[in-house]
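All of the numbers you see were taken from the coordinates with simple rules; none came from a lab. As the structure is a computational prediction, the values presented were derived from the model and not from experiment. Here the Cβ positions follow ideal geometry from the backbone for every residue, glycine too, while neighbour counts run over all protein chains shown.
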Amino acid sequence: MPTAVLFAAVLLAFQEPSSGEPPQVPPLSDADRAAIAAVEALGGQVVQRAQNDARLDVSFHLGDVELTAKHLDALVPLADRLHELNLRGTPFDDGLSRKLTLLTNLRKLHLEGTKIGDAALVPVGTLERLEYLNLYGTKVTDAGLKNLRGLVALRSLYVWDTAVTTAGALALMKDLPEVQIVGVDLPPAPRTPLNAPKPAPETAPEEDQE
């Protein structure tokens with residue numbers, strides 16, 4: 001991977017998309033804690049984002065989790081407060097992707113190194129609040145990207161080591177002009193000089209005086 005692309009990828013990976021103040025969600029209830037315990041019993045890691053932010057980040061990528069439908073079903077009771085889901089390197093595939101449609105508040109989704117193809121991007125394309133999507137090392141193509149055209153909140157998309165082409169990325173950027181796509185060669189954005197000199201006003205030629 002070129003150094004510039006790698007640097008951009010690292011920068012974006014740690015950059016929280018700016019969307020104003022975090023949504024106000026109520027503190028964790030007893031039912032929420034029971035749901036969290038159920039996810040953890042299946043091998044998931046659940047982290048509350050901050051003391052004053054009761055949204056949750058869930059990961060299934062840190063252990064040898066044989067991801068199945070029951071793992072994703074366990075997330076449904078937490079859907080209203082689920083902010084980030086990390087499925088990196090799990091056996092997540094096109095069939096399991098249908099479970100994502102119930103996680104409507106999801107902001108960040110890691111699917112790098114999973115077994116998905118274009119079919120998985122159909123349910124992903126229904127996650128209207130999604131801001132970050134990592135597809136590194138998957139089988140997605142330009143055809144699959146077309147399913148993301150309605151994700152107006154999307155700001156960061158990773159597609160290196162996929163079959164996505166520059167043409168496919170540019171086509172998506174026409175619908176989502178604010179998205180940053182990492183992993184394909186894109187032409188530099190046109191720049192307007194900040195202090196470009198103004199053209200001198202035209203003056204009328206002086207008339208000869210006799």
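Residue by residue, what Karplus-based ³J(HN,Hα) values in Hz, rounded to whole numbers, does segment 124-137 have, using 6.51, -1.76 and 1.60 with θ = phi - 60° and x for Gly and Pro?
Running phi through 6.51 cos²θ - 1.76 cosθ + 1.60 with θ = phi - 60° gives 4, x, 8, 7, 5, 9, 5, 10, 9, 9, 10, 10, 3, x Hz.
So what J values fall out for segment 89-98 if you push phi through Karplus, 6.51 cos²θ - 1.76 cosθ + 1.60 with θ = phi - 60°, rounded to Hz, Gly and Pro as x?
x, 8, x, 4, 9, 4, x, 6, 4, 4
Quick check on segment 10-163: what are the equivalent-ellipsoid semi-axes from the Cα gyration tensor, as sqrt(5λ), descending, whole Å?
24, 18, 14
If the cut-off is 27 Å between C-alpha atoms, which lysines fall inside it for Lys70, apart from same-chain ones fewer than 8 positions away?
Partners within reach: Lys99, Lys108, Lys115, Lys139.
Quote to one decimal, in nm, the extra length available between Asp185 and Glu40 on full extension: 0.36 nm per residue of separation minus the C-alpha distance between them.
48.2 nm
Using Cα pairs closer than 8 Å and at least 6 residues apart in sequence, work out the relative contact order for segment 65-110, in percent.
Contact order relative to length: 53 percent.
If R0 is 45 Å, what FRET efficiency do you get for Arg33 and Asp93 from their C-beta distance, rounded to 0.05?
0.90
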